[in-house]
Amino acid sequence: MEQTPDRQQPSLSELAPARMAEELGIKPFQGRQIFRWIHQKKVFDFDQMTDLSKGLRKTLSENYSANKLTLAEISESPRSKTKKALLRLHDGETVESVLLRDRDRITLCISTQVGCAVKCTFCATGMSGFARNLSPGEIVEQALYLLAGEKLGDRTPNIVFMGMGEPFRNYDATVESIRLLSDPEGLGIGARKMTVSTAGEVPGIERFAEENWQVRLSVSLHAANDTLRDELVPLNRKYNLDRLMGSVKAYIESTGRQVTFEWTLLEGVNDTTNDIRELIDLVGDTKCFVNLIPYNPVAGLGYTPPPLPVCEAFRDALAREGIKATLRVERGQDIDAACGQLRRRHLDSR
Ligand code: SF4
């Protein structure tokens, strides 16, 4: 599938079939054919698109590229089979994406920005700073690279927009990439299989509530009081817990959908009985699910995960209050699968 994209040429990976036909001045069925080659067969070389006429293939090769990313590094954990891809953008920037396996279930964790300006204090991506937004094609191609060579059969992967970046600070491209990923001529991923995760960008949550779809919303909480959250997630200084929870409750009210709260467990920081109490008080009356994630340590940041019994006690205390919660078993630690770590290592080695 590998084809080095020409940075001058427009990429076709971010055009839906009808728009592709319109922009290229070709027949609608030809737009669908090209879209299928790129998104279903993950073929980026026009010469391999054998059901296109020779003339069309030549025109495409001379004027367009099918992809915007190339593979810089891919690794697979021998233990968990977690797959991690470091992808190079046409301007030399890099972005990372992860494929996680849980029995038969495949989940792709993809990025929406190069770096991140939110600067959560426990996050490797936050350490690297913000470079730029990704385009819809650059977001979608991450899924294509991760799925190339995977035998899916009748399984549909889940997609979480939870890699590098704050998706709601790149709202339009994130929405367009969701449309491309769900297109039946491509991967055809159902809306309910996709989750957008925000650190608390309130205007994005308000827009998201207006979208006419079933895509899921996840909010990275990590703290249930403003003092601690101001420190861990600096975005809280702009949109404090009161505003954040107000927008989440309005979202639930208008969509009827459940929200997932992410809570990265940090030893001695947000794993105490007091933290549990505050979290119960904050979310106990919302239609929610809590995802507890023991921290995956990043060198130089000084945080560690709590011991497993502390994590389990946190989950059980929520359950006793009727709050659905899971403790995510760590996967891929051995291949730097925490947010932004592969890219960070890559940057450090330059
Ligand atoms: S945790 Fe997410 S929002 Fe926070 S700095 Fe990292 S990438 Fe950005």
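Every number here is computed from the coordinates shown, using simple stated rules; none is lab data. Just so it is clear, the structure is predicted and the values come from calculations on it, not from any experiment. Positions of Cβ are backbone-derived with ideal geometry, glycine not excepted, and every protein chain shown enters the neighbour counts.
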query: For labels at R207 and Q258 in the simple 7 Å Cα→Cβ model, what's the distance in nm?
result: 2.8 nm
- request: Identify the residues of the range 248-263 with backbone N under 11 Å of a label point that sits 7 angstrom from the Cα of D242 along the Cα-to-Cβ direction, or state none.
  value: none
field: Length released on extending from T273 to R320, taking residue separation times 0.36 nm less the Cα-Cα span
entry: 15.6 nm
- prompt: What residue among T121, P203, G149 has its Cα farthest toward the positive end of the dipole of the chain, where the charges are +1 on Lys, Arg and -1 on Asp, Glu, each on the Cβ?
  reply: G149
message: Only bridges whose two residues both fall in the chain count here: according to DSSP, what percent of them are antiparallel, nearest 5?
response: 45 percent
message: Going Cα to Cα from K287, which aspartates and glutamates come in below 15 Å? Please leave out same-chain ones fewer than 8 positions away.
response: E253, E262, E321
Degrees, to the nearest 10: 28-39 long Cα axis against longest axis of the chain: 50 degrees
- request: At 7 Å along the Cα-to-beta-carbon direction for both D45 and V310, put a label point, then send me their distance in nm to one decimal.
  value: 5.3 nm
Label point distance in nm, D91-A299, each placed 7 Å from Cα along Cα→Cβ: 2.9 nm
field: Only Lys, Arg (+1) and Asp, Glu (-1) charged, at Cβ; the range 17-63 dipole about Cα centre in debye
entry: 160 debye
message: Please give me the summed charge of the neighbours of Q258: other residues whose Cβ is under 10 Å from its Cβ, Lys and Arg +1, Asp and Glu -1.
response: +4
Cross-link pairs K42/K83; K41/K83; K81/K324; K84/K119 - those with Cα-Cα distance over 25 Å: K81/K324
query: Which order results if T195, T304 are arranged by neighbouring Cβ count within 10 Å, fewest first?
result: T304, T195
- prompt: Under a 5 Å amide H to amide H cut-off, with H placed in plane at 1.01 Å, what residues pair with V269 once short-range neighbours are removed?
  reply: none
field: Burial ordering of L108, L152, L279, L217, fewest other beta-carbon atoms within 10 Å first
entry: L152, L217, L279, L108
- line: Rh_Kirkwood(the chain) over Cα pairs, Å, one decimal, evaluates to 21.0 Å
- line: Taking 0.36 nm per residue of separation between K287 and D226 and subtracting their Cα-Cα distance, the length gained on full extension comes to 19.8 nm
- request: Could you run the Karplus curve 6.51 cos²θ - 1.76 cosθ + 1.60 with θ = phi - 60° over the range 74-80 and give me ³J(HN,Hα) per residue in whole Hz, x for Gly and Pro?
  value: 9, 9, 10, 5, x, 7, 9
The range 183-194 - phi-based ³J(HN,Hα) in whole Hz, Karplus 6.51/-1.76/1.60, Gly and Pro as x: 4, x, 7, x, 6, x, 7, x, 4, 5, 8, 10
field: Cβ-placed point charges (K, R +1; D, E -1), dipole of the range 64-215 about Cα centre in debye, nearest 20
entry: 580 debye
query: What is the fewest-to-most order of E150, E176 by other Cβ atoms lying within 10 Å of their Cβ?
result: E150, E176
message: I want to make sure I understand the PRE zone here: with the label point 7 angstrom from the Cα of E73 toward its beta carbon, which residues in the range 83-107 have backbone N atoms less than 19 Å away?
response: 83-100
